[in-house]
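Step one of this worksheet: look at the structure below.
The values are calculated or read from the model by the stated rules, or taken from the named source; none is laboratory data. Everything quoted here is computed from the prediction, not taken from an experiment. Here the Cβ positions follow ideal geometry from the backbone for every residue, glycine too, while neighbour counts run over all protein chains shown. The area values use the complete protein model at the heavy-atom level, side chains included, leaving out ligands, DNA and RNA. Shrake-Rupley method; radii C 1.70, N 1.55, O 1.52, S 1.80 Å.
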Amino acid sequence: MSHLELTGLSKSFGTTKVLNDVSLSVRNGEFLTLVGASGCGKSTILRVIAGLEPQDSGTVQIGGRGVDHLRPKQRKVAMVFQSYALYPHMSVAENMSMPLVMQRLNLAERLPLIGRLSANCRRVMTEIAAEVDAVAKQLQIEALLTRKPAQLSGGQRQRVALGRSMVRHPDVFLMDEPLSNLDAKLRVHMRAELTDLHRRLGVTFIYVTHDQVEAMTMSDRVALMDEGRIVQLGTPSDLYHNPSDLRVARFIGSPQINIVSGTTTAQGILVGEALLPIAVSSPAGQVVSVGLRPEALSLDPVAGQPNLAARLTRVENLGAELFLHFVLQESGAPLVLRATLQDYERHKARLNSPVALGVECARALVFDAAGHRVDQASRAALRLEVPA
Amino acid sequence: MSRATLRTDRLIGSAVSHAFLLLGAAFILLPFVWMLLTSIRPASEVFTAGFNPIPSRLAAGINYSEALTKSPLLQYMLNGVFVCAGILIIQLLVAIPGGYALAKLSFRAQPVIFGLVLFGLTVPVQVTALPIYIALAKLNLLNTYFAIMLPFFLSVFGIFLFRQFFKSFPQEIIHAARLDGFTELEIIIRIITPSAVPAIAAFAVFSITSHWNDLYWPLIVTTSADHATPPLGMMIFRDQETGSNYGALMAGAAIITAPLILVFLFAQRQFVRGITMTGVK
């Protein structure tokens, strides 16, 4: 069993607090993603789990056992780095066999040349070569085993780095932005391969990325981090549809969520001249941010529902769908609307012409000045659980 | 400006810069060329030839054979090889781990130790000569190879150079190695050192030339020809055997300079890479 438990982790570099009382519980076999802007502390968490950097306070438990006093190699974790971190002067096969060599041979047997004299060493080396071959086959890199890292493409290096982490059969895989050095097409491909690998191995993955698409598409759960704290932990659909904080709403989703400012009244929220009938917990007269996902807006205003007066400024055609960019007539705030090609053609909206946009108030997310979610009425109803 | 004038401008510019470089090269190489010319001149012409570069009669055979036979030149060179190799090996054994620790490990005393290394760079060898000499004399170790090598075992310049080189080594690879179970010493031996070949080549060139050519320290701690390194040997040779036979003396000088040139030619590419990569210049 290899569930992972972080309790009250804190870490500072000089005067900057990189981790601020982070607690996190990762289930056995779960794919958990830490996502956030650069500098939010997500990579530091990985290095603390791996034992590469000591925390100032807090504990790390893997499989129910405290590992804080253990050296990195004793923690049964493997890590894949953004730069792949392959040993440049060793062949692919040597790179992949290193973790096993270090694990199974003693210090004397590891000595170059002299070690080879021992029969045990030769036997172990043959075993290791067989295991490396098997992993290489799984990753389809068996043809590359004799090459040096410099002779490999980015995608191939990525696979070798994965292979090196797999040979040891670790309890936990730690991945530090492993796809960010790949080109866009390969990244999409490797995303699928990584989720596939996770399913096959059934081992706990902790995945760090700044790319919300990776977080949304690959993970069982996502922890969004900001300034050394976990802002929200939940399923991808939780974070998208039911963010607890304005930072989460802004970070997750592409195109970004539309934020318009409004004022609370007894009847709802006043945005410009439109009154959106949304119940909020804050008192009347407060300035709030109303978050509207691009699909919560429509070109068809519903009778009796409020609409927003806007002007079309730009059309992005993605083929199957379009992103229509508007500005609000009154405030000039930008809005993006997700529309199907049919909707767009039916409406024949022209650039710079005024349009009334329908608002699906049930999907609106309201945040107070501090960024906390305040529309409690819509909160429970909107939760979409993805079947396990 | 037309393309033609642009091209002439560039031609003139490159001619001027080449002229400067040639001038500099001539300035540095002239004594060397003179040494080679003198080494093939007959004794009678050494002072009378003026600046005529071409000797009237080739005396290379006489001069070189005299240099080789009348003095134990090969013995001196063997001493030089032994001393330089000994110094270099110990220097590397000290400087590579030292540089790694200063570049990649974090420990409380690190800034202080690095400061001391920088301070050590400013201490000339003459300052420590007397105490080391006295210690060696008291231990009865004068006139040994060990005495010639001792002060140079610990090269602060080497530690500094390797520290600069290792600074740019990716931290992630070291992290990966620690996760794979490498000990720190194995990281140095199996990961860091193979990547440091250019730095090692650069350092070796610096170290070998300075200790091959060193006259000051061997002169202090040895008096016998048995342990004399090439420059000291040349001095003994001049005093005892040849007196004023400058042709043979220059032939000897040419012979003892040759290995250095070979070493540099051999390590040139790595040397330049090492220098540019470490930022030591």
Whichever aspartates and glutamates have a C-alpha closer than 17 Å to that of A:K348, once near sequence neighbours (fewer than 8 apart) are set aside:
A:D300, A:E316, A:E321
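Over chain A, what relative contact order in percent results from Cα pairs under 8 Å that are six or more residues apart?
That works out to 16 percent.
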Using Cα-Cα distances under 8 Å and only pairs 6 or more residues apart, what relative contact order does region B:3-64 have, in percent?
28
Ignoring trypsin sites (Lys or Arg not before Pro) that are buried or in helix or strand per DSSP, and keeping those with at most 14 other beta carbon atoms within 10 Å, what is the longest stretch of chain A between them?
A:28-347
Could you give the distance between the Cα centres of region A:187-248 and region A:62-120, to the whole Å?
29
In a shell of Cβ-Cβ distance under 10 Å around A:G41, excluding A:G41 itself, what net charge do Lys and Arg (+1) and Asp and Glu (-1) give?
+2
Nearest-0.05 FRET efficiency for A:R229 and B:V16, computed from C-beta distance (R0 45 Å)
0.10
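Pick out, in residue order, every one of the chymotrypsin sites (Phe, Trp or Tyr not before Pro) in region B:72-176 that is DSSP loop and has at most 13 other C-beta atoms within 10 Å; say none if there are none. Before the final figure, lay out the partial values.
Working: sites: B:Y76, B:F82, B:Y100, B:F107, B:F114, B:F119, B:Y133, B:Y145, B:F146, B:F152, B:F153, B:F157, B:F160, B:F162, B:F165, B:F166; in loops: B:F107, B:F153.
Sparse-neighbourhood loop chymotrypsin sites (Phe, Trp or Tyr not before Pro): B:F107.
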Over the whole of B:179-191, what's the average partner chain Cβ count within 10 Å per residue? Rounded to a whole number, please.
6
Quantify how strongly other chains surround peptide A:323-333 by giving the mean number of their Cβ atoms within 10 Å of each of its Cβ atoms.
0
Normalising by the residue count of region A:1-118, find the relative contact order in percent from Cα pairs under 8 Å and 6+ residues apart.
22
Run the reach check for A:K185 against aspartates and glutamates, Cα to Cα strictly under 18 Å, same-chain hits fewer than 8 apart removed. What comes back?
A:E177, A:E193, A:D196, A:D211, A:E214
In vacuo Debye sum over C-alpha of chain B, base-10 log of normalised intensity I(q)/I(0) at q = 0.07, 0.13 Å⁻¹, listed in q order, is -0.39, -1.02
Within a Gaussian network of chain A (alpha carbon springs, distance under 10 Å), most fluctuating of A:Y240, A:Y207, A:Y87
A:Y87
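Would you work out what percent of the accessible area of the protein assembly as shown, with all protein chains in place, is carbon or sulfur (probe 1.4 Å)? If you can, show how the numbers build up before the last one.
On the way: 20350 of 33100 Å².
The value for the protein assembly as shown is 61 percent carbon and sulfur by accessible area.
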Within 12 Å, Cβ to Cβ, of A:A143, how many net charges do the neighbouring residues add up to if Lys/Arg are +1 and Asp/Glu are -1?
+1
Can you give the local net charge around A:V208? Use residues other than it whose beta-carbon is closer than 9 angstrom to its beta-carbon, Lys and Arg +1, Asp and Glu -1.
-1
Roll a 1.4 Å probe over the protein chains and send me the accessible area per residue for the protein assembly as shown in Å².
49
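I want to verify the translational diffusion coefficient of chain A in µm²/s; compute it with Stokes-Einstein, Rh as the Kirkwood radius over Cα pairs, at 20 °C and 1.002 mPa s. Numbers along the way, then the final one.
On the way: Rh = 23.8 Å.
The estimated diffusion coefficient comes to 90 µm²/s.
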Beyond 30 Å between alpha-carbons counts as too far, so tell me which of A:K73/B:K104; A:K17/A:K148; A:K11/A:K76 fall in that bin.
A:K17/A:K148
Interface burial for A against B (accessible surface, 1.4 Å probe, total of both chains, Å², rounded to 100):
1800
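Kirkwood Rh over alpha-carbon pairs of region A:287-335, then Stokes-Einstein at 10 °C and 1.306 mPa s: what D in µm² s⁻¹, rounded to an integer? Intermediate results must be reported in sequence, preceding the final value.
Numbers: Rh = 12.2 Å.
Stokes-Einstein gives a translational diffusion coefficient of 130 µm²/s.
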Anyone know which of A:A364, A:A108, A:A223 comes out most mobile in the 10 Å Cα GNM of chain A?
A:A108
